[in-house]
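Peer 1: The following block contains the structure, expressed as structure tokens.
Readers should treat all values here as calculations from the given coordinates under stated rules, not as data from a laboratory. Note that the coordinates shown come from a computational prediction; the quantities given were computed from them, not determined experimentally. All Cβ positions, even for glycine, are placed from backbone atoms using ideal geometry, and neighbour counts span all protein chains on display.
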Amino acid sequence: MLSMPAYIGGEIDALGQKVVTIYTNNPTQNNLPTTLGTVQLLDPTSGDCLAIIAANALTAIRTGAVSAVATEYLATDNSDTIALFGVGVQAANQLEAICIVRDIRQIKVYAPTRDHAARFCREMSQRLDSKMCTAMNPNEAIENCDIIVCATTSKTPVFDGKLLEPGMHLNGIGSHTPDAREFDTSAILKSKVVVDSRASALAEAGDLIIPLAKGAISVDHIWAELGEIVTGKKKGRISEDEITLFKSVGIAAEDVATAKVIFERALRERKGLAIDPN
């Protein structure tokens, strides 16, 4: 069980926490997702509980949104093709969000089970204007693609980083433990690396921890946090040929900010169930 609190000051002024459980046997034994959670939104002036929100959909939405922000600042302006690894809820939200910031023409989808990839393409083709197709293998997926999105549960790299081409942008959101990674050392070495949080990435992101432990990179290989680029403290992409990589492990501030948006919208639209604490 993980508890992740956050307070955001300034105009947002939001306080809360996400509580998550990870039970790897849930899908087979309990017919439930591996990861379950709730977000508790609190009144920052009194500590009173304002809302309790199921975290699964919220997490997928905010993760997609953060990747879209990274794509907006790091991908080339004319990026119009995506290679997607993974076909779960996170993958779907990644596509929907990225398609807001880039005019995506084609999406190539790879999953170890071809039927799963084909079904995902059929479902997403009804939600997106982009052409959807499956890839036979990881190499075919990334060939001639501008943006690579990894949203898998794999513990080992999902493609050969040596095949990355100049100008590509990568988003990695699947792995979040020190022993798991979706990007190999070659991909990390070839890329300008941006994270959501240095401290969190160095504690949780095997994509970085593993090459760090082997001495392939130093901590300085992390160029910036995404917030530093958004606020102009550091530059994002500086050339068309640069390869950029955004590694996200998720931070509580994203959950709390999203929870506040959902809460305020629920009040306006009179959605949700009001509970009398007495």
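Peer 1: Step by step: first the residues of segment 70-94, then only those that are part of a helix (DSSP H, G or I) and among the β-branched types (Val, Ile, Thr), then the one that is nearest to SER197 (Cα to Cα). Which residue is that?
Peer 2: THR71
Peer 1: Go through (1) free of Cβ contacts under 8 Å to residues at least 60 places away in the same chain; (2) touching a Phe, Trp or Tyr at 6+ places or on another chain (Cβ under 9 Å); (3) buried (at least 16 other Cβ atoms within 10 Å of the Cβ) one by one and return the number of the condition LEU74 breaks.
Peer 2: (1)
Peer 1: Among ILE251, ILE217, ILE222, which is in contact with a strand residue (DSSP E or B) (Cβ under 6 Å, 6 or more places away or on another chain) and aliphatic (A, V, I, L, M)?
Peer 2: Only one candidate qualifies: ILE222.
Peer 1: In segment 77-97, how many residues are in contact (Cβ under 8 Å) with a residue 40 or more places away in the chain and more than 11 Å from the chain's Cα centre (by Cα)?
Peer 2: The total comes to 10.
Peer 1: Same structure, new question: Given the residues THR21, THR28, THR59, which is the only one that is more than 30 Å from ILE229 (Cβ to Cβ), within 20 Å of the chain's Cα centre (by Cα) and not hydrophobic (A, V, I, L, M, F, W, C)?
Peer 2: THR21
Peer 1: In the set ILE217, ILE229, ILE262, which member is touching a residue at least 24 places away in the same chain (Cβ under 8 Å), within 23 Å of ALA54 (Cβ to Cβ) and not acidic (Asp, Glu)?
Peer 2: ILE262
Peer 1: Also, quick follow-up: Return the pair list, or none, for Cβ contacts closer than 8 Å from residues in segment 24-43 that are under 28 Å from PHE263 (Cβ atoms) to residues that are outside any loop (DSSP other than H, G, I, E, B) and among the basic types (Lys, Arg), at least 6 apart or on different chains.
Peer 2: Qualifying pairs under 8 Å: GLY37/LYS18; THR38/LYS18; VAL39/LYS18; GLN40/LYS18; LEU41/LYS260.
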